[in-house]
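Colleague: Dumping the structure here so I can ask a few things about it.
What follows is calculated from the coordinates using simple rules that are stated; it is not laboratory data. For clarity, every value in this text was computed on a predicted model and none was experimentally measured. Here the Cβ positions follow ideal geometry from the backbone for every residue, glycine too, while neighbour counts run over all protein chains shown.
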Amino acid sequence: MYESGQLDKLLEGFCAQNDTNYLCSDEITPKNEIRIKNVRGSKRNKDNDQYLQYAKDNKEFILYCFTKPRFYYGNLKLVFNKGFAILTNTKIRYYAIVKNHLGEDMYKKRYKKKSLSDFKSHKRSKQRNKFYPSFIKEYLPVISFFWWKLVLPLTLLVSLYYFFRKRKVFTKEADRLFVIIFLVIAHVLNSLVCGIFANCENSRYTSRTLWLISLALIILLSILFQYRNRIELDSDK
């Protein structure tokens with residue numbers, strides 16, 4: 001709500017009725033970005049009166065927000081400002097492995113304790129020997145260009161052509177078309193939710209469901225290839 005510009009107005013209405021809530025104290029100023037007080041570590045438990053009070057006060061404010069149109073307007077604003085922005089932010093994060101000696105010693109102790117053969121397998125693994133970082137750095141740009149810049153747009157163009165000119169290609173594929181739509185919606189919803197409530201600049205939120213779009217593309221390609229095979233069979237007859 002702070003990022004959408006609605007926090008001050010919501011607090012103003014809330015504090016008019018709940019002046020004992022810590023969020024409405026004199027310590028909080030309109031220019032103070034961080035309003036919610038955090039209780040960290042072992043102090044977050046039911047025996048800590050301060051933690052319980054903060055939790056109760058936070059809950060009161062949240063429930064109040066749910067009843068106000070301004071809250072939903074703020075979320076809608078974030079959908080356009082942040083939610084759709086994250087849809088284009090799908091970079092694959094660097095495949096990192098433990099590099100320092102402390103981490104290596106930790107693995108040695110744990111593997112040797114469980115199984116010496118597991119430790120030897122770990123030493124020979126592609127992950128340990130930096131195969132994946134090298135592979136991703138070298139081949140991922142090529143794969144991404146081929147898949148997203150060539151296969152995806154060409155498949156969509158061919159599908160649109162058949163949809164408008166030869167509708168029968170898809171008339172018997174209602175179930176698979178429903179799956180395609182469901183996969184796309186799932187990826188978009190994940191991106192919108194993460195963009196609004198988490199961080200629109202963190203690419204891992206969209207990268208983790210990008211495979212849904214790839215799966216939808218594969219299903220769409222299978223529909224087109226099966227139609228092509230039917231045409232060839234009919235021509236042979």
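Colleague: Which entries in Lys82/Lys149; Lys9/Lys68; Lys91/Lys149; Lys56/Lys82 show an alpha-carbon gap greater than 18 Å? Before the final figure, lay out the partial values.
Modeller: Details: Lys82/Lys149 24 Å; Lys9/Lys68 11 Å; Lys91/Lys149 15 Å; Lys56/Lys82 29 Å.
Correct reply: Lys82/Lys149; Lys56/Lys82.
Colleague: Follow-up question, since we're still on this one. Counting other C-beta atoms within 10 Å, and keeping those with at most 15, which DSSP coil trypsin sites (Lys or Arg not before Pro) do you find in the stretch 167-201? If you can, show how the numbers build up before the last one.
Modeller: Values: sites: Arg167, Lys168, Lys172, Arg176; in loops: Arg167, Lys172.
Counting only loop positions with at most 15 other Cβ atoms within 10 Å, the trypsin sites (Lys or Arg not before Pro) in the stretch 167-201 are Arg167, Lys172.
Colleague: A follow-up question, please. Based only on other Cβ atoms within 10 Å, what is the fewest-to-most ordering of Arg228, Arg70? Provide the component values of the computation, followed by the final result.
Modeller: On the way: Arg228 11, Arg70 16.
Fewest-to-most Cβ neighbours within 10 Å comes out as Arg228, Arg70.
Colleague: So how do Leu210, Leu192 line up by other beta-carbon neighbours within 10 Å, fewest first?
Modeller: Numbers: Leu210 17, Leu192 20.
Ascending Cβ contact count within 10 Å gives the list Leu210, Leu192.
Colleague: Tell me, Asp8, Asp57 in order of fewest to most beta-carbon neighbours within 10 Å?
Modeller: Working: Asp8 13, Asp57 19.
The order, fewest Cβ neighbours first, is Asp8, Asp57.
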